[in-house]
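Quick one: structure below, then a few questions.
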Amino acid sequence: MDHLPLRTPLAAEQREPVLDVVVPVHNEQADLERSVRRLHAHLRETFPYPFRITVADNASTDATPAIAARLAAELPETEWLRLAGKGRGRALHTAWSRSRAPVLAYLDVDLSTDLAALLPLVAPLISGHSDIAIGTRLARGSRVVRGPRREVISRCYNVLLRSTLAVGFSDAQCGFKAVRRDVAERLLPLVQDPGWFFDTEMLVIAERAGLRIHEVPVDWVDDPDSRVDIWATALADLRGIARIGAALARGTLPTARLRRRDDGQPDGLAGQLLRFGAVGAVSTLGYILLYALLRPAAGPQAANALALLVCALANTAANRRLTFGVRGRGGALRHQAKGLLVFLVGLALTSGSLAVLHRLAPDAAHLTELVVLVAANLAATLLRFLLLRAWVFRASRRGTGTRV
């Protein structure tokens, strides 16, 4: 499988632009020139690498194209791009896809986000620490000025994302994000939405793939002249959430090529066996301790079942992450459900072994019980590995981001 390369820091000396800041616009003749000149001056003063500003005009019908063309002619680090169709997602997809800068960013033309956060936003990408960086208005340390309606809508949207898609990032819609180009080259073809849901979809896919997302608290002041249709955007977002949620439920979210081979673990069957064996050894030790603790009060069969259940849940979670390389929460419940079925097979094997022992030797010592159970668990462990590899995590290995 063709994985992403290791994250590496950029060299200190660069001749070509390291950062390409895209400003998507639609009918922004009032704010465009003031904002671009302010952004340009800020980057000239504070950014230590070569940079580029790209104005991505998506189907403006006012004087925006003329202003963008004039700015590109006057400011040496500025370009403009004209698109025939509307949509912030479409503008970002096009501008980022054509850029050769190793770090790609975007910000809203109203500059609601304080530009002082721009260098902290892109620094983790330049250093090789993270894959994506986002500004967040909802983290401790952020300072936000906006009306109560937009505050409630924003928080409700992020709560909805957490409850339906189980995301870990805090602010999906802040117009202040950056991504490494090597990630964008593989991530952008997977993002379908051309509008406002573009950000959320990109982040959900990236998180499910296990990419590292860095969050930067920002100072943010609401633009009172915003022309975003909140209700139309909300409906489009709900449709996007339903679409992504359905893909997650089916296990078809395509994240396999977004994996990085950056943890030094061996690949292939031999590597999986080594990691599975290590997890199994810890699980077996935990099982023996739990059984010994539970046996006096619960009896042998109940103690065996409870100890095996607890260790099975922990074992599935550990093997999911360590042995089969599945990161993120996508498919976790499905994997645990299948893992429990595998647990039932192990329970039948170990309980059957106990039953046979007690039938043949009713007065068998506890030490004998442990020896029989350990032997039965070794057989169950081998069967468990085969079932996990061939059945539980098979779909993930083929297309939802498992690293093998």
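Looking only at the stretch 328-370, how many residues end up being of a type in the set (Val, Ile, Thr) and out of contact with any Leu (no Cβ under 9 Å at 6 or more places or on another chain)? If you could, list the steps in order and put the result at the bottom.
Here is the first cut: in the stretch 328-370, the ones of a type in the set (Val, Ile, Thr) are 342, 345, 350, 356, 368.
Next, only the ones that are out of contact with any Leu (no Cβ under 9 Å at 6 or more places or on another chain) stay: 356.
Matching residues across the stretch 328-370 total 1.
Restricting attention to the stretch 5-19, does a residue exist that is β-branched (Val, Ile, Thr), under 15 Å from ALA105 (Cβ atoms) and within 29 Å of the chain's Cα centre (by Cα)? If you could, list the steps in order and put the result at the bottom.
Within the stretch 5-19, the subset β-branched (Val, Ile, Thr) is 8, 18.
Narrowing further to those that are under 15 Å from ALA105 (Cβ atoms): 18.
From what's left, within 29 Å of the chain's Cα centre (by Cα): 18.
So far as the stretch 5-19 goes, yes, one or more of its residues are β-branched (Val, Ile, Thr), under 15 Å from ALA105 (Cβ atoms) and within 29 Å of the chain's Cα centre (by Cα).
I need the full set of residues from the stretch 285-309 which are open to solvent by 40 Å² or more (accessible area, probe 1.4 Å) and either at pLDDT below 85 or within 28 Å of the chain's Cα centre (by Cα) (or both), in order please. Outline the logic, then answer.
Here is the first cut: in the stretch 285-309, the residues open to solvent by 40 Å² or more (accessible area, probe 1.4 Å) are 285, 288-290, 292-298, 301-302, 306, 309.
Within the stretch 285-309, GLN301, LEU309 meet the criteria.
Checking the condition among the hydroxyl-bearing types (Ser, Thr, Tyr), within 39 Å of the chain's Cα centre (by Cα) and open to solvent by less than 30 Å² (accessible area, probe 1.4 Å), which residue from THR381, THR350 passes? Talk me through it step by step, then tell me what you get.
Numbers: THR381 fails: open to solvent by less than 30 Å² (accessible area, probe 1.4 Å).
It is THR350.
In this structure, does SER142 turn out to be of a type in the set (Ser, Thr, Tyr), over 21 Å from VAL23 (Cα atoms) and in contact (Cβ under 8 Å) with a residue 40 or more places away in the chain? Step through it out loud before you land on a result.
Numbers: of a type in the set (Ser, Thr, Tyr): yes; over 21 Å from VAL23 (Cα atoms): yes; in contact (Cβ under 8 Å) with a residue 40 or more places away in the chain: yes.
The answer is yes for SER142.
State yes or no: is ASP199 touching a residue at least 12 places away in the same chain (Cβ under 8 Å), of a type in the set (D, E, K, R), open to solvent by 20 Å² or more (accessible area, probe 1.4 Å) and at negative phi? Explain how you work it out, then say what you get.
Working: touching a residue at least 12 places away in the same chain (Cβ under 8 Å): yes; of a type in the set (D, E, K, R): yes; open to solvent by 20 Å² or more (accessible area, probe 1.4 Å): no; at negative phi: yes.
It is false that ASP199 is touching a residue at least 12 places away in the same chain (Cβ under 8 Å), of a type in the set (D, E, K, R), open to solvent by 20 Å² or more (accessible area, probe 1.4 Å) and at negative phi.
Here is a list: ASN58, ASN27. Which entry is in contact with a Pro (Cβ under 8 Å, 6 or more places away or on another chain) and among the polar types (S, T, N, Q)? Break it down into steps so the answer makes sense when it comes.
Working: ASN27 fails: in contact with a Pro (Cβ under 8 Å, 6 or more places away or on another chain).
Only one candidate qualifies: ASN58.
Sticking with this structure for a sec: When only residues in the stretch 323-333 that are assigned to a helix (DSSP H, G or I) and open to solvent by less than 70 Å² (accessible area, probe 1.4 Å) count, which is farthest from LEU370 (Cα to Cα)?
Of the residues in the stretch 323-333, the ones assigned to a helix (DSSP H, G or I) are 323, 332-333.
Cutting the leftovers down to open to solvent by less than 70 Å² (accessible area, probe 1.4 Å) gives us 323, 332.
Working: THR323: 27, ALA332: 32 Å.
The selected residue is ALA332.
Just name the residue that is farthest from ARG38 (Cα to Cα) out of those in the stretch 62-78 that are open to solvent by less than 50 Å² (accessible area, probe 1.4 Å), in a loop (DSSP other than H, G, I, E, B) and without any contact (Cβ under 8 Å) to a residue 40 or more places away in the chain.
We begin by selecting, within the stretch 62-78, every residue open to solvent by less than 50 Å² (accessible area, probe 1.4 Å); these are 62-65, 67-69, 71-72, 75, 77-78.
Among the residues that remain, those that are also in a loop (DSSP other than H, G, I, E, B) are: 62-63, 75, 77.
Going one step further and asking which of them are without any contact (Cβ under 8 Å) to a residue 40 or more places away in the chain, we end up with 62-63, 75.
Details: ASP62: 22, ALA63: 19, LEU75: 12 Å.
That would be ASP62.
Within the group ARG143, ARG150, which residue is basic (Lys, Arg), in contact with a strand residue (DSSP E or B) (Cβ under 6 Å, 6 or more places away or on another chain) and at negative phi? Write out each step before concluding.
Values: ARG150 fails: in contact with a strand residue (DSSP E or B) (Cβ under 6 Å, 6 or more places away or on another chain).
Only one candidate passes the filter, namely ARG143.
Shifting gears a bit: Taking into account only those residues within the stretch 153-179 that are touching a strand residue (DSSP E or B) at 6+ places or on another chain (Cβ under 6 Å) and of a type in the set (A, V, I, L, M, F, W, C), which is farthest from ALA95 (Cα to Cα)?
Checked the stretch 153-179; the qualifying residue farthest from ALA95 (Cα to Cα) is PHE169.
Give me the pairs: first residue in the stretch 297-323 and touching a residue at least 12 places away in the same chain (Cβ under 8 Å) and under 15 Å from GLY280 (Cβ atoms), second residue open to solvent by 30 Å² or more (accessible area, probe 1.4 Å) and not in a helix (DSSP H, G or I), beta-carbon distance under 9 Å, and six or more apart or on different chains, which are they?
Matching pairs, first to second residue: ARG320/ARG327; LEU322/GLN265.
Kindly evaluate PRO194 against the criterion of being open to solvent by 40 Å² or more (accessible area, probe 1.4 Å) and part of a loop (DSSP other than H, G, I, E, B). Please lay out each step first, then the result.
Details: open to solvent by 40 Å² or more (accessible area, probe 1.4 Å): yes; part of a loop (DSSP other than H, G, I, E, B): yes.
Considered against the rule, which asks whether it is open to solvent by 40 Å² or more (accessible area, probe 1.4 Å) and part of a loop (DSSP other than H, G, I, E, B), PRO194 comes out as yes.
For ASP193, indicate whether it is of a type in the set (D, E, K, R), under 17 Å from ALA95 (Cβ atoms) and within 13 Å of the chain's Cα centre (by Cα).
Numbers: of a type in the set (D, E, K, R): yes; under 17 Å from ALA95 (Cβ atoms): yes; within 13 Å of the chain's Cα centre (by Cα): no.
No.
Also: All but one of (1) of a type in the set (Lys, Arg); (2) out of contact with any strand residue (DSSP E or B) (no Cβ under 9 Å at 6 or more places or on another chain); (3) open to solvent by less than 50 Å² (accessible area, probe 1.4 Å) hold for ARG186, so report the exception by its number.
All conditions pass for ARG186, except number (2).
Also: Assuming GLY89 fulfils every condition listed in (1) over 29 Å from the mean Cα position of the chain (by Cα); (2) of a type outside the set (A, V, I, L, M, F, W, C); (3) buried (at least 21 other Cβ atoms within 10 Å of the Cβ); (4) in a helix (DSSP H, G or I) apart from one, which condition is it?
If we test GLY89 against (1) over 29 Å from the mean Cα position of the chain (by Cα); (2) of a type outside the set (A, V, I, L, M, F, W, C); (3) buried (at least 21 other Cβ atoms within 10 Å of the Cβ); (4) in a helix (DSSP H, G or I), just (1) comes out false.
The values are calculated or read from the model by the stated rules, or taken from the named source; none is laboratory data. Please read these numbers as outputs of a predicted model, since none were measured by experiment. Every residue, glycine as well, gets a Cβ built from its backbone with ideal geometry; the counts of neighbours run over all protein chains shown. For accessibility, only protein heavy atoms count, side chains too; no ligands or nucleic acids. Shrake-Rupley method; radii C 1.70, N 1.55, O 1.52, S 1.80 Å.
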